[in-house]
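See below for the structure under consideration.
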Protein chains: 2
Amino acid sequence: MKSIIQILQEKPRLAWLFFAATAVIVFLIGLFANSIMERRGEEKTMFQLVKPIADWEPRNEVWGENFPREFESYTATLDTTFRSKHGGAATRDVLEEYPNLVILWAGYAFSRDFNQARGHYYAIKDIRNTLRTNVPQPGTCWTCKSTDVPRVMNERGVSEFYKDKWDHLGDQIVNPIGCQDCHDNKTMNLRITRPALAEAFQRMGKDIKQATHQEMRSLVCAQCHVEYYFKGKEEKYLTFPWDKGFRAEDMEAYYDSVQHVDFVNTLSRAPILKAQHPDYEIYKTGVHAERGVSCADCHMPYRSEGGVKFTDHHIQSPLNNIANSCQVCHRESEETLRKNVFDRQDKVIEVRSRLESALAKAHIEAKIAWDNGANENEMKPALQLIRQAQWRWDYAAASHGGSFHSPLESVRVIGAGLEKAQEARIAIAEILIKHGVKVPVTLPDISTKEKAQAFIGLDMKKLHEAKIEFIKTIIPEWDKKAQEREGKMSAYGEK
Amino acid sequence: MKSIIQILQEKPRLAWLFFAATAVIVFLIGLFANSIMERRGEEKTMFQLVKPIADWEPRNEVWGENFPREFESYTATLDTTFRSKHGGAATRDVLEEYPNLVILWAGYAFSRDFNQARGHYYAIKDIRNTLRTNVPQPGTCWTCKSTDVPRVMNERGVSEFYKDKWDHLGDQIVNPIGCQDCHDNKTMNLRITRPALAEAFQRMGKDIKQATHQEMRSLVCAQCHVEYYFKGKEEKYLTFPWDKGFRAEDMEAYYDSVQHVDFVNTLSRAPILKAQHPDYEIYKTGVHAERGVSCADCHMPYRSEGGVKFTDHHIQSPLNNIANSCQVCHRESEETLRKNVFDRQDKVIEVRSRLESALAKAHIEAKIAWDNGANENEMKPALQLIRQAQWRWDYAAASHGGSFHSPLESVRVIGAGLEKAQEARIAIAEILIKHGVKVPVTLPDISTKEKAQAFIGLDMKKLHEAKIEFIKTIIPEWDKKAQEREGKMSAYGEK
């Protein structure tokens, strides 16, 4: 039999064909390898601004002309169709679902109105519309709502901004959370625009400028998705209570050390700490943070369109986008992963509901004790226990996604709250009996939001009417002034 | 330039060398590929018994002569040097660490003596030595301790075995948990030798014979590492309470439906359910079970010795062997993985300790209520709450490794227990006040095991003396009889 070598030697044309085919194949392999390397190198892709963006430019659509894909996906935060397992749309009324919350927040604006947060695009609209802004609020309340905030802070100074009144700033703050909150207008690098986070780092002896890019992919979120309070009666200086650590107990120790009280519950007269949304803090105790996964990895996963890879700015629940978020690391089916999330959430909610119910009873029983002649000295230890229990409940309840981000830490904290709430109820039972009240007391019907709000003495009709008047008369003025101001700004570059 | 083809044609010796080198390389690749395929096919490896093993052969060393590697690793369960994070050796005294347990178990043998379980090799030794076997126990107590159990059950019948007295069977049951508990003596296939598991499956409408090999790698463990009770006052028939499901609430519903009470706490007089060790049940609610990981995957990982791959029969905490267990799937460092386990355990233990302490207080406060004239009608609701709370505590506490296998489920159950324990304490506080007792009551000092045991009225000196006498007089008789019996059995085949 002839060897291949002999055949090729005898038929030079065949040899050339062989050579050419090899060359073509090698060329195609090269092309393919290059494509792979390009994907790897994407994070280093340079960009060129089509149109320069002015410093402190608040308008997202102006940034969007340079970054159409990012902008388009950002506007998808308008979508409110996402439904959780429990059926609620993103606009669900939390007080309706959990009427006990009205009792826990008696004397605080949250007892009037508390809806599930919607997408970033609604930040301005929702803060204008909520009944919580019927009461006078400081300028600080705007801090996390708008790309206008860095602009106004830069113009007037940070302290002046916080100290101002919320409604004085209404015409200034009109563009919802967006591009410049997280990005540098020249380099598009991630940046911190809100002072409170950088200041908290500084007090912990850390320099936020040393954060890695991957850390920044969480820290830009941590500008707002954290626990905070307004320091100083007049200053209302936005402050993160991180000086002693991130855990519920650490922050409580900080608040106790500065004798902070968010409100006094009007039923129990307990000095309450209202947790804001310690999302970043609880996330840091969970397994995803431990493995170096950032907020953006799951809430803003990479996406491809027409061969271009970019960060999806449709910030949302990863459950809405399991294929691009969870499944990048986890090999399980969408169905399995969704079930895993719901299972965790259900377990946390079960224990949290027990604490919620114990707290509602404690507040009402304390009120009955006061009504029957209990005095401050008697009540003080019980009220302190209610404060501690409610802080633990709220720490776990107020954190967006905490029951998934770190379910075990959530339940650990709730467990301590359960112990304290029941200790409070034991102490109050003793006081009740001492004052001749037969225990167990008969609790009022607070089975719906309306009944609970009536029980704590809210005139909801009046509140709604005032809000409607405000929306009819004040909001159009704000918007008109804002349009005039923005009309004087050129689309790009200087005003 | 000459082509390679031309060169080879001109120098035939070079061509031959080229051909020979190619042949050698291809041969080596083939060898390598074969080695890979062999590894893949290992689970199908056939074996031939060097010496046949008789039916119901209880002696592990007899099986071991056929399977020296498996036997050698099995004998490593003698090793007790493993230390947990908290410093205790495998022989740690749990009552010493958690004296509250003495209160929770007042009136039950566990209040005398409860050590952390040791390796399977110690099964016989430890049940002989524990103070819990000072009191008369049924034959059922032997069920999980020995390879002699299937032999005696086969000889005498299952019901007869259970009904017998523990000390009557002492000379029969002498070989610790081992080979034949899980393996068929001819095929070495995994098999179920304990009737209770198969019976529980049947009552749930399932046939355990349909279980896959991977399921069997957990089910052989589930013959013993489960919740169970002794059904019937005389029959003492080993029964798993799975008829309504695996969760704490499901088993409680089953126990309530058959009005089962393990013991009445001598302090509170609450009708208590003692959880055994619902290891399999809690594991089934965890993420490892959800992902199809079996008990053996982590507790008996594969191991290689001299090119032979085999299952490591040194059943132990995977923390002792992270490289071969966890790291087969998880890419993190040993240090990180160990920290992850301890973090989970610490959080569960924190919440569990709160419940433990609430329960101890509830039992003691109930005793004080009885002592001051409380009556059955008054106490009944509180005692029922104590029963429910203690079941939940024990369900989470008694499960070996439950705080890692399914930390969130553990804390969910503990959370419900916390609510119920405190509800019980509120009810008891009301009764105490009604009977003129000043609350809060002063609790006794139960800060050490000795103090707690003295408080519940145990004469530990007498118990220890009785045990020493038993070990001196009875045990040698049992061993002598057993040696005579085994002497009559040939090493292999028939007696």
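Key figures for this structure:
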| item | result |
| --- | --- |
| Extent along principal axes [Cα atoms of segment B:386-495; Å; largest to smallest] | 70, 39, 21 |
| Cβ-based net charge around B:Ala366, under 10 Å, with every Lys or Arg adding one and every Asp or Glu removing one | +2 |
| Positive-end residue, the protein assembly as shown charge dipole about Cα centroid, Cβ charges, pick of A:Gln210, B:Ile428, B:Asn115 | A:Gln210 |
| Heavy-atom accessible area order for A:Ile25, A:Ile433, largest first, 1.4 Å probe | A:Ile25, A:Ile433 |
| Largest-first principal axis extents of the Cα set of chain A (Å) | 117, 64, 43 |
| Where trypsin sites (Lys or Arg not before Pro) fall in DSSP loop in segment B:328-374, at most 15 other Cβ within 10 Å | B:Arg331 |
| Diffusion coefficient, µm² s⁻¹, Stokes-Einstein with Kirkwood Rh over alpha-carbon pairs of segment B:423-479 at 25 °C and 0.890 mPa s | 163 µm²/s |
| Where trypsin sites (Lys or Arg not before Pro) fall in DSSP loop in segment B:157-227, at most 13 other Cβ within 10 Å | B:Lys186, B:Lys206 |
| Selection of trypsin sites (Lys or Arg not before Pro), segment A:383-470, meeting DSSP coil and at most 11 other Cβ within 10 Å | A:Lys438 |
| Computed accessible area, A:Leu458, all protein chains, 1.4 angstrom probe, square angstrom | 50 Å² |
| Rounded accessible area of B:His464 (nearest 10 Å², 1.4 Å probe) | 90 Å² |
| When the convex hull of its Cα atoms is projected in every direction, mean area for the protein assembly as shown (nm²) | 55.1 nm² |
| Segment B:337-395: radius of gyration over Cα atoms, expressed as a fraction of 2.2 N^0.38 Å | 1.53 |
| Solvent-accessible area, 1.4 Å probe, carbon plus sulfur percent, for the protein assembly as shown | 56 percent |
| Derived scalar couplings ³J(HN,Hα) [segment B:49-64; Karplus, 6.51 cos²θ - 1.76 cosθ + 1.60; whole Hz; x for Gly, Pro] | 5, 5, 9, x, 10, 5, 4, 6, 5, x, 7, 4, 5, 6, 4, x |
| Surrounding net charge for A:Pro99, when Lys and Arg each add one and Asp and Glu each subtract one, Cβ distance under 12 Å | -4 |
| Pairwise FRET efficiency - A:Asp250 versus B:Phe32, Cβ, R0 = 45 Å, nearest 0.05 | 0.20 |
| Cut-off under 5 Å, modelled amide H: who pairs with A:Ile272 long-range | A:Asp262, A:Phe263, A:Val264, A:Asn265 |
| Estimated buried accessible area (total), pair A and B, 1.4 Å, Å² to nearest 100 | 3500 Å² |
| With DNA, RNA and ligands ignored, accessible area of B:Thr266 (1.4 Å probe; Å², nearest 10) | 90 Å² |
| Computed [θ] at 222 nm, deg cm²/dmol, chain A (DSSP H ≥ 4; -39,500 (n - 2.57); rounded to nearest 500) | -16000 deg cm²/dmol |
| Segment B:448-468 and segment B:169-189: distance between their alpha carbon centers, rounded to Å | 35 Å |
| For segment B:17-31, Karplus couplings with θ = phi - 60° (6.51, -1.76, 1.60), whole Hz, Gly/Pro x | 4, 4, 4, 5, 4, 4, 4, 5, 4, 4, 4, 5, 4, x, 4 |
| Sequence of B:Arg92, B:Arg128 when ordered by accessible area, the most exposed leading, probe 1.4 angstrom | B:Arg92, B:Arg128 |
| Contact order relative to length of segment B:211-331, as percent, for alpha carbon pairs under 8 angstrom and 6 or more apart | 21 percent |
| Spacing of the two label points (7 Å from each Cα toward its C-beta) at A:Thr130 and B:Met460, in nm | 5.7 nm |
| Mean separation of Cα contacts under 8 Å, 6 or more apart, over the residue count of chain A: relative contact order % | 17 percent |
| Placed amide H near B:Leu238: partners under 5 Å, 5+ positions off or other chain | B:Lys231 |
| Nm distances between copies for B:Glu160, ranked from closest, using label points 7 Å along Cα→Cβ | 9.9 |
| Cut-off 15 Å between beta-carbons: net charge of the residues surrounding B:Glu227, Lys and Arg +1, Asp and Glu -1 | -3 |
| Length-normalised contact order of segment A:91-188 in % [C-alpha pairs under 8 Å, at least 6 apart] | 27 percent |
| Sequence-distant residues sharing a close amide H with B:Tyr302 (under 5 Å, placed H) | B:Asp312 |
| For segment B:111-118, Karplus couplings with θ = phi - 60° (6.51, -1.76, 1.60), whole Hz, Gly/Pro x | 6, 7, 6, 8, 9, 4, 4, 9 |
| Where the protein assembly as shown is the region considered: accessible area per residue in Å², 1.4 Å probe | 49 Å² |
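The values are calculated or read from the model by the stated rules, or taken from the named source; none is laboratory data. Everything numeric in this text was worked out from a predicted model, so none of it was measured. We place every Cβ from the backbone using ideal geometry, glycine too, and count neighbours over all the protein chains shown. Remember, those area values only see protein heavy atoms, side chains included, never the ligands or the DNA or RNA. Shrake-Rupley method; radii C 1.70, N 1.55, O 1.52, S 1.80 Å.
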